[in-house]
There are 2 protein chains.
Amino acid sequence: MSKSIFYHAGCSVCVSAEHDIVNLVGKDNVEVVNIGEATNRIPEAEQAGVKSVPALVAPNGNVLHINFGASMEDVKG
Amino acid sequence: MSKSIFYHAGCSVCVSAEHDIVNLVGKDNVEVVNIGEATNRIPEAEQAGVKSVPALVAPNGNVLHINFGASMEDVKG
């Protein structure tokens, strides 16, 4: 993959981080996924190594966990 | 300020995150500070709101804490 993927769950911490990340990386370089809404993408995020959101999966596959908003378990409800 | 500042302490988590951040944001857009060595910059980092490293201070002043490497207290020793 050539784009980064930013996973979040719609919380205020996530939204704030989203704006910062999009500004820093450029909106054309990052796909934003709200896994609070798009729950069908949770397995993909977990497989990528996302342990909490917000998180940014870099093009090289590394996962950068940003702050600590909500655990994956919380998002699953 | 127009550049982001990436603070780290030389740990392996930090160095890995550093490479990702520099790749994503672009090396001309981020100043990398190893506060494990440049301890004189710790007060500045704390004032910016850095609670742990690695952390990225965005140009708008927001602090993005990335993963959790070492607490500021640990770096101060």
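What follows draws every value from the coordinates through simple rules; no lab data is involved. Model, not experiment: these values are computed from the prediction. FYI the Cβ positions are ideal-geometry reconstructions off the backbone, even for glycines, and counts take in every protein chain you see.
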field: residue B:32-residue A:3 pseudo-label distance in nm [points 7 Å out on the Cα-to-Cβ vector]
entry: 2.8
- request: Give a residue-ordered list of calculated ³J(HN,Hα) values for the range B:7-12 (Karplus: 6.51 cos²θ - 1.76 cosθ + 1.60, θ = phi - 60°; whole Hz; x for Gly, Pro).
  value: 9, 8, 10, x, 6, 5
- prompt: Just how far, in whole angstrom, is the range B:6-70 from the range A:20-58 if you go by their alpha carbon centroids?
  reply: 21
- prompt: What is the diffusion coefficient of the range A:4-76 in µm²/s, taking the Kirkwood radius over Cα pairs and the Stokes-Einstein relation at 20 °C with a viscosity of 1.002 mPa s?
  reply: 182
field: Nearest-first distances (nm) between copies at residue A:39, label 7 Å from Cα via Cβ
entry: 5.1
- request: Go ahead and estimate [θ] at 222 nm for chain A from helices alone: -39,500 (n - 2.57) per DSSP H run with n ≥ 4, summed, over the residue count, rounded to 500.
  value: -9500 deg cm²/dmol
task: Please give the direction-averaged projected area of the C-alpha convex hull for the protein assembly as shown, in square nanometres with one decimal.
output: 8.8
